[in-house]
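The values are calculated or read from the model by the stated rules, or taken from the named source; none is laboratory data. The model shown is predicted, which means the values in this text are computed figures rather than measured ones. When we count neighbours, we look across all protein chains shown, and the Cβ atoms used for this are built from the backbone with ideal geometry, even at glycine.
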Amino acid sequence: MPELPEAETIVRDLQDRVAGARVTAVRVIWEDVLAPGLSPHKLRHSLRNRQIEGVSRRGKNVVLEFEGDLRLIINLGMTGRVISSRSPRAVELQHIAVRLALADGSALLYDDARRFGCLDLRDADGWRARNAELGVEPLSADFTARRMHEITRKSTTPIRNLLLDQKRIAGIGNIYANEALFRARVRPRRRARRLTRSETRALRDALRVVLREAIAARGTTFSDYRDGEGESGAFEPKLRVYGRDGLPCTVCRTPIKRIVLTNRSAFYCPRCQR
DNA sequence: AACGCGCCCTGTCCGC
DNA sequence: TGCGGACAGGGCGCGT
């Protein structure tokens with residue numbers, strides 16, 4: 001599932017492929033990946049003949065920045081992929097939902113098997129509003145140990161659930177939430193408010209380390225994720241708890257446990273994590 | 001207000 | 001071998 005490191009990898013790939021390109025045509029194959037209120041007609045007429053000035057990221061969202069302060073915000077959901085038709089793997093795509101034709105003859109493809117992803121078009125004000133709904137960027141200087149503690153102390157929810165809340169911290173999904181909790185030696189079920197100051201600091205540090213390592217590895221391909229070139233990420237073998245239930249802990253060999261919190265799996269080492 | 005649940009969707013895996 | 005059902009989960013709407 002694409003989270004911050006996967007979105008970041010895609011953004012870096014796309015910067016090489018599409019920055020400066022001009023959209024010549026827009027084809028919407030699956031209308032249900034468009035945000036509510038965004039019609040294929042509106043998307044087509046807004047983007048046609050418009051230049052892509054840059055590609056950036058906010059949380060797990062890939063953001064295509066167009067001239068005229070217009071942004072296409074791409075949330076990849078579970079199985080979303082954004083790939084240039086020029087990349088050799090593009091021929092493998094089987095669920096193309098939206099196709100942006102570019103002036104150089106290539107195309108930017110949005111592919112999404114399950115169609116949980118979402119494309120939203122925002123002007124300057126709309127983007128400001130959307131941006132304000134998202135929490136702190138975990139790799140930014142704003143994400144201090146103090147900030148982490150302020151976030152956790154306001155909540156009674158299990159800490160794993162808090163980490164998934166994009167309104168509080170942007171970009172963390174189930175894989176990196178569990179990996180960071182393991183590295184910080186905190187159990188997923190612990191109530192956020194109950195974490196000590198040293199634990200919230202350890203968790204903040206662990207989040208930043210694991211996200212950076214995952215970016216360096218070009219993301220985790222657990223099942224469906226592909227980068228902007230259609231290639232798999234290399235972080236999966238480095239996962240220490242996610243998807244490893246029953247397998248020995250990499251530190252103490254105790255079998256990793258799987259529990260379910262609000263309908264989502266959580267993984268932890270019952271010996272290493274308190 | 002904060003929290004948790006159910007739903008959207010389809011590829012994959014398991015058991016019979 | 002084939003098929004039905006369970007499962008995976010990000011984000012959102014809704015009820016408590």
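Kindly provide the set of residues from region A:108-119 that are surrounded by fewer than 19 Cβ atoms within 10 Å (Cβ to Cβ) and either farther than 18 Å from A:PRO2 by Cα or in contact with a helix residue (DSSP H, G or I) (Cβ under 8 Å, 6 or more places away or on another chain) (or both), ordered by number.
So the first thing to find is which residues in region A:108-119 are surrounded by fewer than 19 Cβ atoms within 10 Å (Cβ to Cβ), and the list is A:113-116.
Of everything in region A:108-119, just one residue is surrounded by fewer than 19 Cβ atoms within 10 Å (Cβ to Cβ) and either farther than 18 Å from A:PRO2 by Cα or in contact with a helix residue (DSSP H, G or I) (Cβ under 8 Å, 6 or more places away or on another chain) (or both), namely A:ARG115.
For region A:139-185, the set of residues classified as assigned to a loop (DSSP other than H, G, I, E, B), more than 10 Å from DNA strand B (Cβ to nearest atom) and at negative phi consists of A:LEU139, A:SER140, A:ALA141, A:ASP142, A:PHE143, A:THR144, A:GLN166, A:ALA170, A:ILE172, A:GLY173, listed by residue number. Could you please let me know if A:LEU70 is closer than 23 Å to A:LEU4 by Cα and in contact (Cβ under 8 Å) with a residue 12 or more places away in the chain? Criteria met by A:LEU70. For region A:51-74, the set of residues classified as of a type in the set (D, E, K, R), surrounded by 15 or more Cβ atoms within 10 Å (Cβ to Cβ) and touching a Lys or Arg at 6+ places or on another chain (Cβ under 7 Å) consists of A:GLU65, A:ARG71, listed by residue number. Look at A:ALA129 and say whether it is among the hydrophobic types (A, V, I, L, M, F, W, C), over 30 Å from A:ARG71 (Cβ atoms) and away from DNA strand B (no atom under 13 Å from the Cβ). When the stated conditions are applied, A:ALA129 does not pass them.
Answer yes or no as to whether A:SER46 is under 15 Å from the mean Cα position of the chain (by Cα), modelled with pLDDT of 95 or more and surrounded by fewer than 19 Cβ atoms within 10 Å (Cβ to Cβ).
Here the answer is no, as A:SER46 does not meet what is asked.
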